[in-house]
Structures are given as C-alpha cells and as structure tokens.
Amino acid sequence: MMTVDDMLSEVAKIVDAAPKDSQAAEKASAPENIKIKYKKPDIPDRSEAEAENKVTAKETGPAVGIKATLNLKIAKEMAYCVEKAAQQLGVNVVTAVTDAGGNLILLEAMDDSFIASINAARDKAYTAVALKMPTHTALKESRGGALDGYANGGGILMLGGGYPVIYNGAVIGGIGVSGGTKEQDMLLAGIGTEYFKKRVNSF
C-alpha cells in the first residue's frame, strides 16, 4: 500500500507549473491537467495496518458493484494537499469537502483566510455535488446552456473552485476551495480531486 507521503510525491510529479493567465488556467481546469509546484511535505508514514484510512466501501448486492463514501481522514488528506499547494501560490484558502448528499464532512480554513471564503467554499462543494459538475462548468451552462436561467442561492454558488469527487463513475462527494482568484481556486480544488484519485488507486 502506498503511503500518504508517496501519494503527495505522485501528485507533485503531475503538478509542476501554475498557469500564467486565465485562458491557460481554463485549459488546465480539468484535474488531470493541473500544473503547480510544491515541495513534498514531511508527514508521518502510514502503515498497512491503518486500513481505516481508505475510502469506506461495501457491497450493495450480488454483481451490483461497490458503493463508496468519503470519510473524514481522506477529506483531511485532501485539504492538507490543497493547503500545501496554496502556500506555494501565496494564498490563504478555505477548503470544504462534502459527501454524496452535499453534507459537510470537513471545513478547514488557513490562517488569515477571508471570513467570506467559509460560506463560499462550502457552497462550491455543495454545488459540485448537487449539479454533478464543476462549478465553473455550471456557470457556463447557466448562460444559455442546460442550466439556462439558473441562479445562485439556496446553497448554490456557480463560481470557479468546486469539483465533484468521482469514484467508479459516481459522484460520491464534492470539494470547494475559496480565497484566491477564480483560476487559483479551480487549480487548488482540482489538486484535491487528483489527490483523491491517486489515494484510491493505492488500495
């Protein structure tokens, strides 16, 4: 089993240069294209005995497959990865992670982050789950697309920085980041989902 330290090393290989402008950032908004550099942090090694660190899963019935849910430990690791990258960007952000029902699992604010980012991060994570798409995509769709006329409110916030967390093709949660520019928030939220993919693939 790969350790968390190994996971961050793998993410660091993928993320080596932040986009220089908004057009480049838009192209890099998909998690697999994220570019940013940060040093591998010193965190304790995780042994195979810590099986509870993985995404919890249970059989839903014969030949039906696996139903997965996010847990708090994975959410904390995602936020840790986001915050280390945010430090390299020089921004203080708030990170929120929700489950498949949009219920908050984790809300973590870096020192000196904006108070307004607390609600924004939570709403971005909720929106990504509720609409099953990144929040910047939802914004585009609300302007003449599939969500034409849909507006912010009631927990919906269609600003860049929210991504659904997907496992086996199903949305099992969401991550929202707020505190930087639109491009920075998108970049950091994407790093959280990329970490999740690498973490799950290590089991």
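The values are calculated or read from the model by the stated rules, or taken from the named source; none is laboratory data. Treat the numbers as computed from the prediction; the structure is a model and nothing was measured. Positions of Cβ are backbone-derived with ideal geometry, glycine not excepted, and every protein chain shown enters the neighbour counts. All accessible areas refer to the heavy atoms of the entire protein, side chains included, with ligands and DNA or RNA removed. Shrake-Rupley method; radii C 1.70, N 1.55, O 1.52, S 1.80 Å.
Pulled fully out, how much extra length does the chain show between V171 and N119, if you take 0.36 nm times their separation in residues and subtract their Cα-Cα distance?
16.6 nm
First compute the accessible area of the stretch 121-203 with a 1.4 Å probe, then give the percent of it belonging to carbon and sulfur atoms.
For the stretch 121-203, the apolar C and S fraction of the accessible surface comes to 49 percent.
Roughly speaking, what is the stretch gain from L104 to Q87, that is 0.36 nm per residue apart minus the C-alpha to C-alpha distance, in nm to one decimal? Provide the component values of the computation, followed by the final result.
Working: separation 17, 0.36 × 17 = 6.12 nm, distance 2.39 nm.
Result for the pair: 3.7 nm of gain on full extension.
So what is the relative contact order for the stretch 93-159, in percent, with contacts set as C-alpha pairs under 8 Å and at least six apart?
Numbers: 91 pairs, mean separation 19.0, N = 67.
Answer for the stretch 93-159 is 28 percent.
For A96, what is the net charge nearby, where nearby means another residue's Cβ is under 10 Å from its Cβ and Lys, Arg count +1, Asp, Glu -1?
Values: positive: R122, K124; negative: E108, D123.
That works out to 0.
Heavy-atom accessible area per residue, the stretch 144-187, 1.4 Å probe: how many Å²?
39
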